[in-house]
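In what follows, a structure is listed as structure tokens, so that the remarks can point back to it.
The values are calculated or read from the model by the stated rules, or taken from the named source; none is laboratory data. Since the model is a prediction, treat every value here as computed from it, not as a measurement. A quick note on method: Cβ atoms are made from the backbone with ideal geometry, for glycine too, and the neighbour counts reach across all protein chains shown.
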Ligand SMILES: Nc1ncnc2c1ncn2[C@@H]1O[C@H](COP(=O)(O)OP(=O)(O)OP(=O)(O)O)[C@@H](O)[C@H]1O
Ligand SMILES: [Mg+2]
């Protein structure tokens, strides 16, 4: 079992209304870093979202194999996805303003993510959120935690998304 890759993608294709967005993408990933390179619009985000099961319903996803840690991702129901998404496979989305909740402070979003996956008290979650903001090199985490997405810079927003993804301690992190 130890030589089984963490992620296997074989012949992954995504199409919509007759046009192909990605065709026959394939790679395997172990405990390592892998970069996907391609020009704008070539399908990098689509590939990440397909792995996460986050593509809109109207897109048609086909794959000879899409497996994470031996789990067939093409056959997962929503409850099983809920146990995997975020917790075991994290994704840092490309656009912070699209990814962050506009009506919840960023500190609360990180803390809520922590509680969703690990439970615990509100205080424990808040401390974990502040520690994570510090880990992603946010200066003055206590202040930034009280701000909303529209009150922080683009770079800070990206760090907040990274904090949200890392706080769940995923085995696989997709950084779009
Ligand atoms: N929901 C959708 N419906 C139809 N087409 C889509 C949808 N999402 C993405 N596409 C198309 O799929 C193609 C790949 O887009 P994608 O966002 O994956 O590219 P990318 O490689 O991430 O680009 P970038 O480097 O600019 O982030 C593009 O032509 C895009 O217009
Ligand atoms: Mg993209």
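The set of residues in region 51-76 that are part of a loop (DSSP other than H, G, I, E, B) and either crowded, with 17+ Cβ neighbours inside 10 Å or under 18 Å from the mean Cα position of the chain (by Cα) (or both) comprises 53, 54, 55, 56, 63, 69, 76.
Among the residues of region 33-50, those identified as farther than 22 Å from residue 3 by Cα and either away from ligand 2 (no atom under 13 Å from the Cβ) or surrounded by 12 or more Cβ atoms within 10 Å (Cβ to Cβ) (or both) are 36, 42, 43, 44, 45, 46, 47, 48, 49, 50. Among the numbered conditions (1) free of Cβ contacts under 8 Å to residues at least 40 places away in the same chain; (2) outside the structural domain of residue 166 (by TED's automatic domain parsing); (3) under 27 Å from residue 149 (Cβ atoms); (4) away from ligand 1 (no atom under 16 Å from the Cβ), the only one that residue 108 does not meet is (2).
Among the residues of region 82-102, is any within 11 Å of ligand 1 (Cβ to nearest atom) and in contact (Cβ under 8 Å) with a residue 12 or more places away in the chain? Scanning region 82-102 turns up at least one residue that is within 11 Å of ligand 1 (Cβ to nearest atom) and in contact (Cβ under 8 Å) with a residue 12 or more places away in the chain.
Within region 77-89, the set of residues being surrounded by fewer than 14 Cβ atoms within 10 Å (Cβ to Cβ) and farther than 27 Å from residue 145 by Cβ comprises 77, 78, 79, 80, 83. Among the residues of region 143-170, those that are free of Cβ contacts under 8 Å to residues at least 24 places away in the same chain, more than 24 Å from residue 89 (Cα to Cα) and assigned to a helix (DSSP H, G or I) comprise 143, 151. Restricting attention to region 90-134, the residues that are within 16 Å of the chain's Cα centre (by Cα), surrounded by fewer than 16 Cβ atoms within 10 Å (Cβ to Cβ) and not in a helix (DSSP H, G or I) total 3.
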